[in-house]
Number of protein chains: 2
Amino acid sequence: MNGFSDGSSEQVTRRPASTDVSEGGSGLPEQAWTLLFELLHTHMRNFPALAAEFELSPVQAHVLRQLGEGALAMSTLAHYLSCDASNVTGLVDRLEARGLVERKSSEQDRRVKMLVLTEAGAELRGRLMARLGAPPPLIAAMPDEDLAALRDIMRRALKTQ
Amino acid sequence: MNGFSDGSSEQVTRRPASTDVSEGGSGLPEQAWTLLFELLHTHMRNFPALAAEFELSPVQAHVLRQLGEGALAMSTLAHYLSCDASNVTGLVDRLEARGLVERKSSEQDRRVKMLVLTEAGAELRGRLMARLGAPPPLIAAMPDEDLAALRDIMRRALKTQ
DNA sequence: TATTGTTATACTCTATAACTATA
DNA sequence: TATAGTTATAGAGTATAACAATA
């Protein structure tokens with residue numbers, strides 16, 4: 001019993017062992033989400049290896065992703081990463097030691113340290129983002145009709161969020 | 001320059017700072033993927049907190065997810081997690097200490113140890129899977145028409161994979 | 001007083017290398 | 001010899017608590 005197959009006895013295609021959130025969820029949202037869930041966890045599983053292509057840990061990859069739009073206070077980064085501020089110190093220490101980011105004291109509030117990418121950091125981030133943006137096989141193999149529909153659906157969903 | 005905005009000057013709606021993989025990617029797959037990417041990374045960001053609801057680390061949550069379908073050799077689990085076998089020892093030590101899983105020596109090959117969920121482990125896994133299967137707000141808010149289309153598209157994609 | 005970032009500490013996750021017990 | 005799992009070790013990610021500098 002996994003507490004998730006209730007309320008439906010419709011037959012379900014068995015997917016690889018990775019998931020058994022059965023597709024027979026009660027409603028339409030559950031059905032759609034269960035299928036997306038599959039794609040999503042495949043991506044999560046591959047993310048460390050993807051980051052490693054750039055000699056980054058998964059968290060370091062997230063940091064570089066966040067650091068695209070100009071300077072960011074360390075506390076803001078901690079909030080984005082949903083982690084304690086004390087972690088950001090060590091995280092930034094290591095990225096700074098590699099010459100990818102720099103700490104700059106804010107002039108408005110001298111407690112605050114702003115993070116900016118170095119040139120090397122920006123270059124690496126560019127390659128990382130391009131890699132992240134490359135559609136995985138499952139997406140690349142979709143017919144144009146489905147891709148256009150998917151794009152339009154996701155546009156609407158993200159807009160009304 | 002992030003190496004990703006090339007080849008298109010169509011106007012793009014700015015989303016929250018979390019991503020700047022611009023939506024104007026060259027082709028349909030890039031456009032669709034970029035939008036899915038947004039949803040996906042929100043989920044990844046929330047995953048540790050979600051696991052913590054059950055007093056599990058993210059990896060422990062993945063282990064419980066994998067351990068649904070009967071016994072699993074430790075080496076198989078290491079493969080699923082894409083990590084070294086030595087990690088699985090400690091990982092399983094902690095889950096076993098909490099009474100969630102058990103090691104059982106295989107009778108065919110006495111080198112192999114099979115992992116099985118205890119009753120408590122299965123119960124916890126059930127609640128975890130139900131939680132994971134609950135559609136996030138962005139999905140829950142979609143109109144039925146979009147949900148049905150999304151479900152059908154993802155069914156086709158996962159089937160032809 | 002409150003906030004930003006750091007340090008100290010402890011635990012988990014991760015990889016590598018050396019070891020054991022089986023095969 | 002090769003494989004499954006363990007142990008030892010080291011580095012990175014995480015949280016909590018105590019602290020310095022600044023507001």
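Read-outs throughout are calculated quantities, based only on the coordinates presented, and are distinct from any laboratory measurement. Keep in mind that this is a model prediction, so the values were computed, not measured. We place every Cβ from the backbone using ideal geometry, glycine too, and count neighbours over all the protein chains shown.
Take the Cβ atoms of A:A141 and B:E145, set R0 to 22 Å, and the FRET efficiency comes out at 0.35.
Of the GluC sites (Glu not before Pro) found in the stretch A:86-147, those that fall in a DSSP loop while having at most 16 other beta-carbon atoms within 10 Å are A:E107.
Applying the criteria of a DSSP loop state and at most 16 other Cβ atoms within 10 Å to the chymotrypsin sites (Phe, Trp or Tyr not before Pro) of the stretch B:28-107 yields B:F54.
Once R0 is set to 25 Å, what does the formula 1/(1 + (r/R0)^6) return for the Cβ-Cβ distance between B:R94 and A:E102, expressed as a FRET efficiency to the nearest 0.05?
Working: r = 38 Å, r/R0 = 1.53.
Using R0 = 25 Å, I get an efficiency of 0.05.
Amide H to amide H, with H built 1.01 Å from N, A:T118 comes under 5 Å of A:V101, A:E102, counting only residues 5 or more places away or on other chains.
With the Cα gyration tensor of the stretch A:96-161 in hand, convert its eigenvalues to equivalent ellipsoid semi-axes via √(5λ) and list them largest first in whole Å. Display every interim value, and only then the final one.
Values: eigenvalues 291, 71, 8 Å².
Value: 38, 19, 6 Å, ordered largest first.
Given R0 = 45 Å, the distance between the Cβ atoms of B:R111 and A:T160 translates into a calculated FRET efficiency of 0.20.
Taken one residue at a time, the phi angles of the stretch B:50-56 give Karplus couplings (6.51, -1.76, 1.60, θ = phi - 60°) of 5, 4, 5, 4, 10, 6, 10 Hz. Gly and Pro are set to x. In this label model, A:A49 and B:A52 are separated by 2.9 nm, measuring between points 7 Å along each Cα→Cβ vector. By the count of other C-beta atoms within 10 Å, a proxy for reagent exposure, B:D144, A:D152 are ordered fewest to most as B:D144, A:D152.
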